[in-house]
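A short write-up of the structure that comes next.
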Amino acid sequence: MPPMSGKTLYDKIWDAHVVAQQDGEAILYIDLHLIHEVTTPQAFAGLRAAGRPVRRPDRTLAVADHNVPTEGQALGVGAVADEEARLQLQTLERNVRDNGIEFFPMGDIRNGIVHVVGPEQGRTQPGMTIVCGDSHTSTHGAFGALAQGIGTSEVEHVLATQTLRQKKSKNLRVTVNGTPGPGVGAKDFALAIVGAIGTAGGTGSVIEYAGEAIRGLSMEGRMTLCNLAIEAGARAGLVAPDQTTYDYMMGRPASPKGAAWEMALAHWKTFFSDDDAVFDREVVLDAADIAPTVTWGTSPEDVVAVTGNVPSPESFATPDKKISAERALDYMGLTAGQPITEARVDVVFIGSCTNSRIEDLRSAAAVAQHAFLNGRLVAPHVRAMVVPGSGLVKEQAEEEGLDAIFKAAGFDWREPGCSMCLGMNPDRLAPGERCASTSNRNFEGRQGRGGRTHLMSPAMAAAAAIAGHIVDVREMMA
Amino acid sequence: MKAFTKLDARMAPLTMANIDTDQIIPKQFLKTVEREGLGKGLFYDFRFDEQGVEKTEFVLNRPEYKGVGVLVAGDNFGCGSSREHAPWALLDFGISCVISTSFADIFYNNCFQNGLLPVVLKPEEVQALMEEAKGGNHVVTVDLEAQTVVSPSGAAFSFQIDPQRKAKMLQGLDAIGETLTAAMDIDVYESKRALSEPWLERA
Ligand code: SF4
């Protein structure tokens, strides 16, 4: 027998949740199931047709986020103009009521993007298994929880059984050493990592993020990082919990209190990778090498430092990549070799489950304020919007006066939701429009048919709004 | 999911090959938030013209095929988008078995999740069934246990099926049903966790 090696964080969470094995698949227990209006109607219909109850309504939390409008939410669901969205929202309301599931409806201050709400409420906890019918569920991995996106038939399976049938993934560790330079943060790490390992680099794996630079990130930064694990092809992303995690969790509505807190803390502290744990693959980066990063193409791996140039299709190794680069340049309306800062933007979107939390809004507002004090506003040809991740984020931002800064500088301050991340609500790009966006996907048509998306950090997006083109935020703040 | 054991039903011939899921259930019917009722959209563009008037010559609209339970179709049935609405629509219409020479992969898998039996037969066998289906008597017997299709004239054809899939189909076990056979394990697991992590139990 080979010598026993230690366990990774993923191994530990996995082992703690395997209920049984069937036909070569594990039946994995799910601690928290987050649901929203778009991927659940047919799952509930399936349960009804089969006469099956929801097994653990208490382990389920519902929000309305994907297709809610970002203005006029107080008017209620009946006033939602889009017929399909309204029907989905009404169906969710009925389903949660019929099944006794906790629900934060549109307009409730606790409502917001599902991946903002879970952590904010303290429902997301270390060592948990979490699922949601949305691919960016990986966000919750920031707490050392195994969090995965699932499809509608799996949503139904989890509602009925509180388990998921699954085969185990591989272990991949991405270590970021050192300390980042000024103006460089979690979003730049995340994009640089996708750029380094590719959109298929994490396929079949769960990524654990480690290293000094990761430890130095706040919880919100870690959420941004894990949010993009899925864009590297991984099934989930993880950061081991530490004091930063516990400080964040303390006092949240669903966080354990008193003696239960001590008990929970002792449990959470068991979730880390052993020193002798073996990873199937390791990738190491240095934070000092990472600049503010933006995407130039139509895949999140198409990244370039803001100081760099649009690459030439000739620079790609394989014929396939050359062709897709040519196609991407054509779609994006860019020329090989031009500085990326020449890309003139029409729209700026600050929001999404990647970057709509209070720290994101503070960093964007700092740029807006600096510009405003120097007599500069959002460039006249730019439509810039800020969409907070939840009602509570919005409230806090307003208490801090961030909304006033944004508005004074010419940004539109909106109500919470997924908004232009996926263009299911009325916030979307027109064909050919170019957008500096803090979201997570720059696929063709993601933010509206024919729309051109450049992913970047909130500070970089705010800077682009002021300059009217992609710009190095470090220069603007100098 | 309903179990499939043995079916005696009318069979309708659909000679076209490569019928895709958009033909089975066109996209304007996907906006529903339900699974039931999709039968009205089944093969919509074959059954109705632009004005929504029934095309009387289409096989499923002909009186002799009313109440059809089995479809015998051309090659590569169910190709195209992965929409699970396709098996839902067929079942809602009353069709619980499709016979063809071949099926698209995702559609084939989706069938087993929903209690629709896809039967693969040899081209000459499918051809023979098509011919009989066009005749006056077209009641066919599909026996999953015995893995046979018996034509109206009494010709018997046997078919292959994965034994695990067959067993689940006979019992009406979809993935959820299968997992629920381990319901005891889930109960035990939950009670252990309730003791070791009591803070997660919300009254
Ligand atoms: S913001 Fe975008 S990625 Fe995040 S949950 Fe909403 S739609 Fe999904």
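Rounded to the nearest 20, the Cβ-based charge dipole of chain B about its Cα centre (Lys and Arg +1, Asp and Glu -1) stands at 220 debye. Calculated FRET efficiency, B:Glu124 to B:Asp49, Cβ-Cβ distance, R0 = 25 Å: about 0.10 to the nearest 0.05. Here's how it looks for A:Leu285: its modeled amide H is under 5 Å from those of A:Thr175, A:Val176, A:Asn177, which are all 5 or more places away or on a different chain.
Could you please report the charge total around B:Phe159, scoring K, R as +1 and D, E as -1 over all other residues with beta-carbon less than 15 angstrom from its beta-carbon?
Details: positive: B:Lys6, B:Lys122, B:Arg165, B:Lys166; negative: B:Glu124, B:Glu125, B:Asp143, B:Glu145, B:Asp162.
So the surrounding residues net to -1.
Calculated from DSSP H runs of 4 or more alone, at -39500 (n - 2.57) each and per residue, what is the 222 nm mean residue ellipticity of the protein assembly as shown, nearest 500? Provide the component values of the computation, followed by the final result.
Values: 24 runs with 225 residues, N = 681.
Computed ellipticity for the protein assembly as shown at 222 nm equals -9500 deg cm²/dmol.
Residues of region A:13-30 that bury at least 40 Å² of accessible area when the other protein chains are present, relative to the chain alone (probe 1.4 Å, heavy atoms, ligands and nucleic acids excluded): A:Val19, A:Gln22, A:Asp23, A:Tyr29.
Pop out the carbon and sulfur fraction of the accessible area of region B:1-151 as a percent, whole number, probe 1.4 Å.
Details: 3340 of 6550 Å².
Summing carbon and sulfur atoms, their accessible area is 51 percent of the total for region B:1-151.
For the protein assembly as shown, the share of DSSP beta bridges that are antiparallel, to the nearest 5, is 30%.
If we count every other residue with Cβ under 15 angstrom of A:Gly144's Cβ, Lys/Arg +1 and Asp/Glu -1, where does the sum land?
Details: positive: A:Lys7, A:Lys12, A:Arg123, A:Arg173, A:Arg215, A:Arg222, A:Lys269; negative: A:Asp11, A:Asp15, A:Asp31, A:Glu208, A:Asp242, A:Asp247, A:Asp274, B:Glu197.
That sum, taken over residues with Cβ under 15 Å, equals -1.
The accessible surface of chain A, taken with every protein chain in place and a 1.4 Å probe, is 52 percent carbon and sulfur. Restriction of the GluC sites (Glu not before Pro) in region B:50-130 to DSSP coil positions whose beta-carbon has at most 11 other beta-carbons within 10 angstrom yields B:Glu50, B:Glu57.
Pairs with C-alpha atoms separated by more than 22 Å, drawn from the list A:Lys12/A:Lys168; B:Lys122/B:Lys168; B:Lys134/B:Lys166; B:Lys6/B:Lys168, are B:Lys122/B:Lys168; B:Lys134/B:Lys166.
Report the extension gain between A:Thr335 and A:Ala317 in nm, rounded to one decimal, defined as 0.36 nm multiplied by the number of residues separating them, less their alpha carbon distance.
In short, 4.6 nm is gained.
Solvent-accessible area per residue in the protein assembly as shown equals 38 Å², computed with a 1.4 angstrom probe and all protein chains kept.
Interface of B with A. Using a 1.4 Å probe and counting protein heavy atoms only, the two chains hide about 3200 Å² of accessible surface, both sides summed. Centroid-to-centroid, using Cα positions, region A:54-77 and region A:307-367 are 32 Å apart.
Each part gets one Cα centre, and for region A:415-446 versus region A:237-272 those centres are 35 Å apart.
To the nearest 0.05, what FRET efficiency results for B:Arg202 and A:Leu373 with a Förster distance of 41 Å applied to their C-beta separation? Mind showing how you got there, number by number?
Details: r = 48 Å, r/R0 = 1.16.
Between B:Arg202 and A:Leu373 the formula returns 0.30.
Each of A:Gly401, A:Thr438, A:Trp413 was placed along the dipole of region A:394-466 (beta-carbon charges, centred on the mean Cα), and the one lying farthest toward the positive end is A:Thr438.
Charge dipole (Cα centre; +1 on Lys/Arg Cβ, -1 on Asp/Glu Cβ; no other charges) of chain A amounts to roughly 560 debye. Other residues whose C-beta falls under 13 angstrom from the C-beta of A:Ala459 contribute a net charge of -2, scoring Lys and Arg +1 and Asp and Glu -1.
Sparsely packed loop sites in region B:1-97 (the trypsin sites (Lys or Arg not before Pro) outside DSSP H, G, I, E and B with at most 16 other Cβ atoms within 10 Å) comprise B:Lys2, B:Lys31, B:Lys55, B:Lys66.
The values are calculated or read from the model by the stated rules, or taken from the named source; none is laboratory data. Nothing here was measured: the structure is a model prediction, and the numbers come from that model. Using ideal geometry, Cβ is built from the backbone for each residue, glycine included, and neighbour counts are taken over all protein chains shown. All accessible areas refer to the heavy atoms of the entire protein, side chains included, with ligands and DNA or RNA removed. Shrake-Rupley method; radii C 1.70, N 1.55, O 1.52, S 1.80 Å.
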